[in-house]
Each structure stands twice: as C-alpha cells, then as structure tokens.
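Trainee: Here you go, one structure.
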Amino acid sequence: MKKQIAAIALAVMATASSAGAADKIKIGTEGAYPPFNFIDSAGKIGGFDVDIGLALCERMKAECEVVAQDWDGIIPGLLAKKYDLIIASMFITEDRKKQVAFTNPYYLAAMTHVAPKGAGITTFTNEALKGKVIGAQSGTTQADFIAATYPDAEIKLYPTQDEANLDMVNGRLDLQVGDMLPLLDWVTKNDDGKACCEIIGEPITDKKFVGEGVGIAVRQDDNELREKLNKALDEIRADGTYKKINDKYFTVDVYTMK
C-alpha cells in the first residue's frame, strides 16, 4: 500500500434501470483500510465498504464512481463536493455531526488494543501505560481515545492504519488502538500480524469514541440522498444482498455484531 494515496477515480457502474437516465453519484472512500476499503495490486478499489456502496447504488438505480481519498482530507473533500458521499468505516460521532449528516448505521463498531505477543500489558490506565509508545491512525476516534485516556504516553499517529501496523511489526510501538474488525483481520489473517501481535483487553465501546455505529456521510443539506441511502440499506438487508457481502469478508454479522 502506498504511503499516500493519490485521488484515484475508477468508473464503476452499478446496474441501472433502462428507463430514463440514472442518477450519477460519486462515492468517496479511503482505500487504505482493509478489509473495509483497499486498493489492490492492479490498482482496483474494493472492500466491504465499496461493495456495500455499489449495492446501494444498484438498489437506487444510480450510476456510481468510486474515488479514493486520504483519510485526513476525506470530510473536507466531501464538503468541497469532490464526491457526494463517504463510505469509509466512519464512526458516527457528535463532533462529526457538526460537519456532515449520517445515514443510519450500516455496521456496528468497537475499538481494541493490539500489542506485541508477550508484552504482558494487563492494565489499561494512564498510570500503567505512562511512557509507553502508543499508536493510532491520525484523524480518527482511536487517536482521540489514546490522547484522552493515555496523556502521559508517547503518542505516535500515522496517515494510514497500514503504517501503524508496520511500525508495530518493526518494534516501534508498545501498543496501538484501532477499529476492532480490521485489526482482528490483521492479527488472524496477515502473516506479519499473526507473527508479531495479538489483541488484548476488552473491546472499547465507549460511545464518546465509537459513537452510534458506522454510517455513510453526506453533506448536511443532502437530506434527499441520505433518505434514499437509508431506504436502500433497509432493502439490501431484507433481500439478502447485505449478508452475501458480509459473508465475503466476515464470520459474524457486522450489522449486529452477532
């Protein structure tokens, strides 16, 4: 995965109705957060977020284009009308609601701690972790969490989750905090992750940081699009499309976490 992802636009056509011109929607995602969104070796964008977005487009009979945007600029890009919606595993939080509007959650969320195997960390307090090097992706609620919870730690922030993982593999981090599902995928399926690291402690579910779940962000004045997305989400849940996409990536239903 490249350190910085240039804005990559891939013309991805969802199946559209033959009757009349389809709505045209541009989807923004990060492209650096597997298995939710990523760019493969062929330069193709994919992942759970992307598949869900395209399924919603098909249900809405819309013609969709997917654009990759670095995380730090993803909300500014939406507000600047570079794309019409963000589907990039974004937690619904009160702070973000001040900038954008969200659909209903399309999956639930929790965060987790990851440490090198055998690190022996069992207590998650500021005092216990004072001086430890703790990492997270910048501009995320995970970064907010470690800043608030471990102010006396040495905090390192990274443009992408992959870079945080790489520093952990190379022994530069004592601990990191990230979204549970991508990190669970990393420590159980990725060769480097399996060799170096493990999830420790209880899931982090404080709503101050994980919000109400993960939603699709639109501009605050795009209520019609938000309502269409909510209706389409209900429909793909009901007809089995969501489950088919879910089961491609996960062994649990991420909509309910059961």
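Trainee: Kindly provide the set of residues from segment 92-119 that are among the basic types (Lys, Arg) and open to solvent by less than 30 Å² (accessible area, probe 1.4 Å), ordered by number. Can you show your working first?
Mentor: Start the filter on segment 92-119 by keeping residues that are among the basic types (Lys, Arg), which leaves 96-98, 117.
Across segment 92-119, the qualifying residue is only Arg96.
Trainee: Still on this structure: Among residues belonging to segment 120-151 that are part of a loop (DSSP other than H, G, I, E, B) and among the aromatic types (Phe, Trp, Tyr), point out the one that is most open to solvent (accessible area, probe 1.4 Å). Break it down stepwise before answering.
Mentor: Taking segment 120-151 as the starting set, the residues that turn out to be part of a loop (DSSP other than H, G, I, E, B) are 120-132, 138-140, 150-151.
With the extra rule that they be among the aromatic types (Phe, Trp, Tyr), the set shrinks to 124, 150.
Working: Phe124: 60, Tyr150: 3 Å².
By that ranking, first place goes to Phe124.
Trainee: Going residue by residue through segment 224-231, is there one that turns out to be in contact with a Gly (Cβ under 9 Å, 6 or more places away or on another chain) and open to solvent by 40 Å² or more (accessible area, probe 1.4 Å)?
Mentor: For segment 224-231, residues in contact with a Gly (Cβ under 9 Å, 6 or more places away or on another chain) and open to solvent by 40 Å² or more (accessible area, probe 1.4 Å): absent.
Trainee: Still on this structure: Which numbered condition in (1) without any contact (Cβ under 8 Å) to a residue 60 or more places away in the chain; (2) more than 21 Å from Asn223 (Cβ to Cβ); (3) outside any strand (DSSP E or B) is the only one that Asp72 fails?
Mentor: Condition (1) is where Asp72 drops out.
Trainee: With (1) part of a loop (DSSP other than H, G, I, E, B); (2) modelled with pLDDT of 95 or more as the list, and Ala88 as the residue in question, which single condition is left unmet?
Mentor: Unmet condition: (1).
The values are calculated or read from the model by the stated rules, or taken from the named source; none is laboratory data. Please read all numbers here as calculations on a predicted model, not as lab measurements. We place every Cβ from the backbone using ideal geometry, glycine too, and count neighbours over all the protein chains shown. Just so you know, the surface numbers come from the protein's heavy atoms only, side chains and all, with ligands and any DNA or RNA stripped out. Shrake-Rupley method; radii C 1.70, N 1.55, O 1.52, S 1.80 Å.
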